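The block underneath contains the structure these notes are about, expressed in C-alpha cells.
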Amino acid sequence: MKEEIKVPEVGESITEGILVEWFVEDGAVVAEEDPLFDLETDKVTMSIASQHAGVLHHLVPAGETVQVGQVVGSIDTNASESPKLPESQEKQDSPVTPEPPEFSPKDTEEPPISAEAGIEQAKAKIEGAPGTAGPLSPAVRRMLEEHALDPSTIPAGGKDGRLTKEDILRHLAQKDAETAKPAPTASPVAKTKAASPPPPPPMRKPSEDSPRQTRTTMTPLRHRIAERLVMAQQEAAILTTFNEVDMSRIMAWRNRHKEEFKSKHGVGLGFMSFFVKAAVDALKTVPKLNAQIQGDEIVQNHFYDIGIAVGSEKGLVVPVVRDADQLSFAEIEKEIGRLAEKVRSRTITLDDLAGGCFTISNGGVYGSLLSTPILNPPQSGILGMHGIKKRPVVVDDEIVARPMMYLALSYDHRIVDGSEAVTFLKRIVACIDNPERMLLEV
C-alpha cells in the first residue's frame, strides 16, 4: 500500500514553503518517525518526519516551492525492507560454497580504517553496529559515513536508545577537545629567528575560478525577518535607554548554589532565568511595557509570556516561555532548554513562537558589548543583555574591578514614556544586583 506524503499545515497564515533537502534517498527504506525532509517557510524551518515505514519515493525534488497539502512523495509500506541488489553485485554472488580458508587468529581482528577506504569500511561497521538500539536514521548514517565513526563507541541518547545527530555532534566535539594540544613553547633560538617577520606574500590576481561576487536567493525565513525589522522601524517610535549592572553578587550566588541546583533539578542554573524573573518583576512595576498598540487602542496584557531570542543557522527566532510569573527558576531553565533544543533540531512550531508580550535578547553570548535591539512587533519593549567584562568602578569611594554588564532597553515611545523606561531598567538592575529581591518579592 502506498501512503502519500503531504506538506503539513504549519499555521493559518502559511500557504507555501521550500522543500530544502531530502534526508532519505529515493528508493531507500525508512522507519516510522525518521526525518524525511526539511520544510522552510517564511516563519519557521522544521523537519518533517515519516508517519509510516517502507520504501520512500520522491515526487518533488529538493529546492522546489511546495504548497500546503501538496503530495511530495510516497511510502510503499508493502515493499520489501531489503533493497534489491544491483545486477553487477548479483553476478558476483556465486551459489558455489567456497572451501573454508585456514583459520588464523588475525582473521578475527577488525582491519583498521584507512584513509583510502575509510567510507566503505565505515559503511560496513554501520550496517552491523552491535551497540545501537533500533535502526539508524539516514541522517545519522550519513554523518557516521562522513566521519568514519563506529556507532557502537558513541553513547546513544535518543528515544529507545537510538543514536541521534546530537549524540554524534557531542562525540565529535569531545574528540576534538581531547586531541587539541597547546602549542609548544618556542625556544630562545626559535624566538630569535622569529624576531624578524617573514616578507609578505606577493599580490595575486583574482582567479577566474573564484568570482568576486555571488548571488543567492533570500530564504523565506530571512525575507520574513527583514520585513518585520523594517516594519518595526517604520511603524514604531523606537528609543533605547542604557544602564549597567554589577554581576558580582548574582555570579557568587549562582556559584554557591549551582551544583546543588543541578543535582536536585537535573538542569544547569544559568543567568537567563534570573533575567526572566527580573523582567516579570519590572513588567509588574511598569505595566505599559506589557501593553501594545492595535489600531487606535492600547491593549494591556495581564499575563507574562516572555520571548527568548535564539540564534539558528537559518536566522533569529524567538520562542516563548509561557506564564513565566508562575514558573520557578528550575522550570524556566528547563523550558528554555526545551525550546532551544527544538530550534536546533528544527522541530519548533508556530505555537512555540506566537503570543509573546516581551522579549529578552542575549547578544553577550556572541561577544557583543553594547547594542540597540529592535522591537519584536507588536511588542512594546525588548531587553538586550551583553557581555560580562571586568571594569573599574567606584564602590564605597574606592576603585575596584567588578564584572559589569551593559543593559539596553528598546521601547515604543508612542506608548512608553522615557521616565517609565528608565524606571523599568532600574528595576531590572535592582533585581540582578540583589537577587534576594526576586525570592522575597520586595
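The values are calculated or read from the model by the stated rules, or taken from the named source; none is laboratory data. These figures come from a predicted structure and were not determined experimentally. Backbone-built Cβ (ideal geometry, glycine too); neighbour counts: all protein chains shown. In case anyone asks, the SASA skips ligands and DNA or RNA and just uses the protein heavy atoms, side chains included. Shrake-Rupley method; radii C 1.70, N 1.55, O 1.52, S 1.80 Å.
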Please note which strands (runs of 3 or more DSSP E) are completely contained in segment 267-366 and include at least 1 residues that are acidic (Asp, Glu).
297-300
Looking at Leu409 and the list (1) assigned to a strand (DSSP E or B); (2) in contact with a Ser or Thr (Cβ under 6 Å, 6 or more places away or on another chain); (3) open to solvent by 50 Å² or more (accessible area, probe 1.4 Å); (4) not small (Gly, Ala, Ser), which single condition is not satisfied?
(3)
Suppose we filter Leu370, Leu327, Leu375 for residues that are closer than 27 Å to Val286 by Cβ, open to solvent by 50 Å² or more (accessible area, probe 1.4 Å) and of a type outside the set (Val, Ile, Thr); which single one remains?
Leu370
Within segment 135-160, considering residues that are open to solvent by 30 Å² or more (accessible area, probe 1.4 Å), over 24 Å from Glu21 (Cα atoms) and not polar (S, T, N, Q), the one modelled with the lowest pLDDT
Asp160
If you go through segment 378-398, how many residues are under 30 Å from Ile298 (Cα atoms) and either open to solvent by 30 Å² or more (accessible area, probe 1.4 Å) or without any contact (Cβ under 8 Å) to a residue 24 or more places away in the chain (or both)?
1
When Thr241 is evaluated against the numbered criteria (1) in a helix (DSSP H, G or I); (2) open to solvent by less than 30 Å² (accessible area, probe 1.4 Å); (3) in contact with a strand residue (DSSP E or B) (Cβ under 9 Å, 6 or more places away or on another chain); (4) not acidic (Asp, Glu), which criterion, by number, is the only one it fails?
(1)
Extreme residue, modelled with the lowest pLDDT, among residues of segment 422-442 that are in a loop (DSSP other than H, G, I, E, B) and over 31 Å from the mean Cα position of the chain (by Cα)
Val442
So Lys284 fits all but one of (1) in contact with a Ser or Thr (Cβ under 9 Å, 6 or more places away or on another chain); (2) modelled with pLDDT of 95 or more; (3) open to solvent by 60 Å² or more (accessible area, probe 1.4 Å); (4) not β-branched (Val, Ile, Thr); what number is the exception?
(1)
Identity of the residue in segment 311-324, surrounded by 20 or more Cβ atoms within 10 Å (Cβ to Cβ) and hydrophobic (A, V, I, L, M, F, W, C), that ends up nearest to Glu166 (Cα to Cα)
Val317
Criterion: out of contact with any helix residue (DSSP H, G or I) (no Cβ under 9 Å at 6 or more places or on another chain), assigned to a strand (DSSP E or B), over 24 Å from Leu350 (Cα atoms) and open to solvent by less than 20 Å² (accessible area, probe 1.4 Å) - qualifying residue of Ile75, Ile5
Ile75
Of Gly337, Gly295, the only residue that is at pLDDT below 95 and open to solvent by 50 Å² or more (accessible area, probe 1.4 Å) is Gly295
Tally, over segment 299-310, of residues that are hydrophobic (A, V, I, L, M, F, W, C) and open to solvent by 50 Å² or more (accessible area, probe 1.4 Å)
1
For Val24, are the conditions met, namely being outside any strand (DSSP E or B) and open to solvent by less than 40 Å² (accessible area, probe 1.4 Å)?
yes
